[in-house]
Amino acid sequence: MQSRGGGRARPAEGNGFEVFSWYFFRVSGLLLIFFAILHVVIMHVVNTVDEIDYAFVADRWNSPFWKVFDFLLLTLALLHGINGARVSIEDYVRSDGWRIVAMTTLWVTAFVFMVIGAMAIVTFDPAAFEAAHAGR
Amino acid sequence: MQRVYRGREGMISWALHRLTGLGVLLFLLIHIADIYVIGYGPEEFDSLLFIYHSLGFRLMEVMLVAALYYHAINGVRIILIDFWDGAVLIQRQLWYGGIIVFFLTFIPTAILMLRPLY
């Protein structure tokens, strides 16, 4: 199928991963309009970086709602972005050797940042620091 | 004579979509790394915040928001073109409409973001 002049052409049926990636791009993109822009508006328009510190984040992550919100934002944004970088590598990195280097770097980066991002949200426990502080 | 491909609005929108997308991804990776530090406790996290308060980083944040808004607006244009035949015929108008929406949303956001500076 030819490109219709907007983004990439939808890959041919039968190319399972590419078709999935094409749809994922569009669905995650629509969801990110909500998640990413709301995040920016809360953090930079309603508040500013001057209000944001450890206490601000601790207060926010007290609520399971914002933990889930941030986890979904992390997952969708990282996978959407990594998929974009993957398509860019497919387009611009031509030699087999550099492709292997680029793709390996890409997926290692995706894995590492998904893990540390998820750890930051899931294991966050301000009570542990308060207890340690009180114990001193 | 050398023939140069000139795709006009379609080509510019494509190139900007790539550029803004990769820019936002780069910021996202930095942002995941800085939020990871929160697990080390208040002193460690707050000691890094001077980076976010610096003038250079504030301006980069405004550029990040510009990239994000453009990417979101042009992303909607791409999806419309993909799934609606009528949009194919007006893709150029959709591009200019998107640029108008971009400035209408970005300018107030930038003014509000930089309010601690004035």
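Here A:I52 passes the criteria (1) touching a Phe, Trp or Tyr at 6+ places or on another chain (Cβ under 8 Å); (2) assigned to a helix (DSSP H, G or I); (3) at the interface with chain B (Cβ under 9 Å from one of its Cβ atoms) except the one numbered (2).
For A:H44, indicate whether it is modelled with pLDDT under 95, in contact with a Ser or Thr (Cβ under 9 Å, 6 or more places away or on another chain), within 12 Å of another protein chain (Cβ to nearest Cβ) and surrounded by 17 or more Cβ atoms within 10 Å (Cβ to Cβ). It would help to see each step written out before you state the result.
On the way: modelled with pLDDT under 95: yes; in contact with a Ser or Thr (Cβ under 9 Å, 6 or more places away or on another chain): yes; within 12 Å of another protein chain (Cβ to nearest Cβ): yes; surrounded by 17 or more Cβ atoms within 10 Å (Cβ to Cβ): yes.
In short, yes.
Residues in region B:42-51 that are surrounded by fewer than 16 Cβ atoms within 10 Å (Cβ to Cβ) and either facing chain A (nearest Cβ under 7 Å) or among the basic types (K, R) (or both): B:D46, B:L49.
Among residues of region B:94-118 being more than 30 Å from B:S54 (Cβ to Cβ) and surrounded by fewer than 12 Cβ atoms within 10 Å (Cβ to Cβ), the one that is farthest from the other protein chains (Cβ to nearest Cβ) is B:I100.
The set of residues from region B:61-89 being modelled with pLDDT under 95, surrounded by fewer than 15 Cβ atoms within 10 Å (Cβ to Cβ), farther than 18 Å from A:F24 by Cβ and more than 7 Å from every other protein chain (Cβ to nearest Cβ) comprises B:W84, B:D85, B:G86, B:L89.
Might you check whether a residue that is farther than 23 Å from A:Y92 by Cβ, at pLDDT 90 or above and crowded, with 17+ Cβ neighbours inside 10 Å occurs anywhere in region B:19-30? Scanning region B:19-30 turns up no residue that is farther than 23 Å from A:Y92 by Cβ, at pLDDT 90 or above and crowded, with 17+ Cβ neighbours inside 10 Å. Of all residues in region A:1-20, those satisfying the criterion of being modelled with pLDDT of 80 or more and exposed (fewer than 13 other Cβ atoms within 10 Å of the Cβ) are A:G16, A:F17, A:F20.
Filtered by the rule that a residue be more than 7 Å from chain B (Cβ to nearest Cβ) and without any contact (Cβ under 8 Å) to a residue 24 or more places away in the chain, region A:63-85 gives A:S63, A:P64, A:F65, A:W66, A:V68.
The values are calculated or read from the model by the stated rules, or taken from the named source; none is laboratory data. Keep in mind it's a predicted model, so treat the numbers as computed, not measured. Methodologically, a virtual Cβ is constructed for each residue, glycine included, from the backbone with ideal geometry; neighbour enumeration extends over all protein chains shown.
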